[in-house]
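What follows is one structure encoded as structure tokens, with my remarks underneath.
Please treat every number below as a calculation from the coordinates, not as lab data. Everything numeric in this text was worked out from a predicted model, so none of it was measured. Note that each Cβ is placed from the backbone with ideal geometry, even for glycine, and that neighbours are counted across all protein chains shown.
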Amino acid sequence: MSQISHPFANILKDLDGFYVEINEEKKRADIVLKRPPFNVIMMPQRDQLRACFEALDADDRVRIIVLRAEGENFSSGGDIKGFLEATPEHVSKLAWNIAAPARCSKPVIAANQGYCFGVGFEISLACDFRIATNTTQYALPEQKLGQIPGSGGSARLQKMVGITRTKDIVMRSRRISGQQAYDWGVATMVVNDAELAATVDALVEELIAFSPIAQRTAKKLLNDTDDALLSTAIELEGHSYSRLRTTEDFKEGVTAFHGKRAPNFTGK
């Protein structure tokens with residue numbers, strides 16, 4: 001019988017500019033950008049990040065994924081020279097790679113501090129939760145290079161804040177603070193730099209307490225209905241609710257509620 005090789009095996013060798021930590025006890029995986037001082041994201045790194053999210057999504061040890069960075073800055077963006085050297089075919093896949101957190105069925109948290117520019121902002125926008133700090137600056141500065149965002153940034157941002165604010169950010173290459181991002185609904189929370197790690201830890205603990213299958217269902221439903229008609233979204237919500245009603249987790253949740261105890265969800 002012929003052996004089947006796993007596509008991640010080669011891509012995930014010698015991680016470029018980041019590393020992965022898995023804490024089985026906390027059911028948490030951290031993808032940590034590490035290319036000081038600005039954590040520039042190189043072209044090959046995009047493929048590796050995508051494969052990494054896909055691998056962690058299939059890892060039963062992991063319930064929550066955190067995307068964070070070492071140092072004072074999350075990421076100043078991509079490798080500018082790399083855009084000129086990349087083939088058109090490779091460039092056409094940029095948005096697919098950076099959308100990996102959104103495709104991942106598990107909750108993904110982005111911990112953003114300092115510069116969060118270009119692809120650093122775009123991959124954060126593809127996450128489910130963005131925790132900003134008092135030093136965070138978000139920007140899509142591609143206009144300064146005679147370009148536009150190419151990894152889904154302007155499209156995702158427009159869904160969140162509307163066309164007027166997106167034009168203000170994209171067409172002027174304008175930076176917005178973590179506080180402004182929170183006020184506009186881009187950031188989930190904004191805290192002081194010193195509180196970032198503890199805030200992420202608390203959110204991870206909160207999310208782990210919920211049913212894994214209910215969380216996967218909620219994420220997929222919300223992503224799938226983001227641009228759907230209201231009637232379509234309500235119909236899909238009803239079907240999802242009906243499926244969850246047959247799960248062991250729902251039965252456990254109801255039993256625990258009436259028993260006035262914490263539920264013990266198993267994801268079944």
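Remark: relative contact order (the chain) = 14 percent; criterion is Cα-Cα distance under 8 angstrom and separation of 6 or more residues. Taking amide H as placed 1.01 Å from N in the peptide plane, the amide H of Gly77 sits under 5 Å from that of Ile41, Phe117, Gly120, each at least 5 places away or on another chain. Summarising the amide proton neighbourhood of Ala69: residues at separation of 5 or more, or on other chains, whose placed amide H is nearer than 5 Å comprise Leu33. Karplus-derived 3J(HN,Hα) values for region 126-135, using 6.51 cos²θ - 1.76 cosθ + 1.60 with θ = phi - 60°, are 7, 7, 7, 9, 10, 9, 9, 10, 5, 9 Hz; glycine and proline are entered as x.
Whole-Hz Karplus values for region 33-43 come out as 5, 8, 9, x, x, 10, 6, 4, 9, 7, 4 Hz, taken residue by residue from phi with 6.51 cos²θ - 1.76 cosθ + 1.60 and θ = phi - 60°; glycine and proline positions read x. Eigenvalues of the alpha-carbon gyration tensor of the chain, scaled by 5 and square-rooted, set the equivalent ellipsoid semi-axes at 31, 23, 20 angstrom, largest first. Assuming a viscosity of 1.306 mPa s and a temperature of 10 °C, what translational diffusion coefficient in µm² per second does Stokes-Einstein assign to region 93-199, Rh being the Kirkwood radius over Cα pairs? D = 116 µm²/s. For the set Lys27/Lys220; Lys34/Lys144; Lys106/Lys260; Lys26/Lys106, the pairs lying more than 23 angstrom apart at their alpha carbons are Lys34/Lys144; Lys106/Lys260. Distances between placed amide hydrogens fall under 5 Å for Arg130 paired with Ala110, Thr188, Met189, all partners being 5 or more residues away or on another chain.
In this structure, Asp224 and Asp59 have a Cβ-Cβ separation that, at R0 = 25 Å, corresponds to a calculated FRET efficiency of about 0.60. In sequence order, region 103-119 has phi-based couplings of 6, 4, 6, 8, x, 10, 10, 9, 9, 10, 9, x, 5, 9, 10, x, 5 Hz under the Karplus curve 6.51 cos²θ - 1.76 cosθ + 1.60, θ = phi - 60°, and Gly or Pro positions carry x. Less than 15 Å Cβ to Cβ from Gly267, Lys/Arg counted +1 and Asp/Glu -1: what total charge do the surrounding residues give? Taking every Cβ under 15 Å from that of Gly267, the sum is +4.
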